[in-house]
Amino acid sequence: MQSSIKKLGQLDGVFRDRNAWQAMNPETLVYSVQWHDPVPQDTEGGLFWGTTTIEPGRVGGEYFMTRGHFHSKRDRAEYYCTVQGEGMLVLMDEDRSTRVETMSAGSLHYIPGHTAHRTVNTGDTPLSFWACWPSDAGHDYDTIAKHPFTARILDRDGAPEVVRDEPRR
Ligand code: PA5
Ligand code: MN
């Protein structure tokens, strides 16, 4: 089993309100991932299994969330299944159109290939979910760093609101 954690200080450029992000303690834990990799990375035909836990919290009204990624091998799909907590799964096609699925205990989410995915903790308790993905999928974070998700989940008076970018003219 392997594990990694992401603290606020490691999530530069992820949250929309940069001033609010800079004002917070960079040591704050945002999410942790534990994964089981029974075969080497890039093995065709193998599977990996992971558990992600996102802490409750907000940066300038935007909920704590994962960085999000496309798979390096774009056609590779993935399953998520929520274990506990409340959240949203943000899915974005390669043409940058987004859709959102609500996560709660037991909810199952199929992430097709060619679809960037990010999870957001919209509750006040940790959000945990299981994931299963092909061992040759890989994680492409660079594309999202250059062309971010076009929808964000903001806390509007205590309830999550999906806010989409203004259409470009
Ligand atoms: O494989 C996945 O999609 C998940 O295990 C994610 O890697 C995990 O939730 C952390 O998100 P990210 O990789 O976007 O930081
Ligand atoms: Mn993935």
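The values are calculated or read from the model by the stated rules, or taken from the named source; none is laboratory data. Not measured: the values here are computed from a predicted model. Note that we place each Cβ from the backbone using ideal geometry, even for glycine, and neighbour counts take in every protein chain shown. Heavy atoms of the whole protein, side chains included, go into the accessibility calculation; ligands, DNA and RNA do not. Shrake-Rupley method; radii C 1.70, N 1.55, O 1.52, S 1.80 Å.
Values computed for the structure shown
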read-out: Qualifying residue in segment 148-164 (condition: open to solvent by less than 30 Å² (accessible area, probe 1.4 Å), outside any loop (DSSP other than H, G, I, E, B), within 16 Å of ligand 2 (Cβ to nearest atom) and in contact with a strand residue (DSSP E or B) (Cβ under 9 Å, 6 or more places away or on another chain)); value: no
read-out: From Thr82, Thr53, Thr28, residue being open to solvent by less than 60 Å² (accessible area, probe 1.4 Å) and within 10 Å of ligand 1 (Cβ to nearest atom); value: Thr53
read-out: Flag if Glu62 is open to solvent by less than 80 Å² (accessible area, probe 1.4 Å) and among the acidic types (Asp, Glu); value: yes
read-out: Condition check for His117: within 18 Å of Val14 (Cα to Cα) and within 11 Å of ligand 2 (Cβ to nearest atom); value: yes
read-out: Residue within segment 85-108 that is within 10 Å of ligand 1 (Cβ to nearest atom) and either polar (S, T, N, Q) or over 25 Å from Leu29 (Cβ atoms) (or both) present; value: no
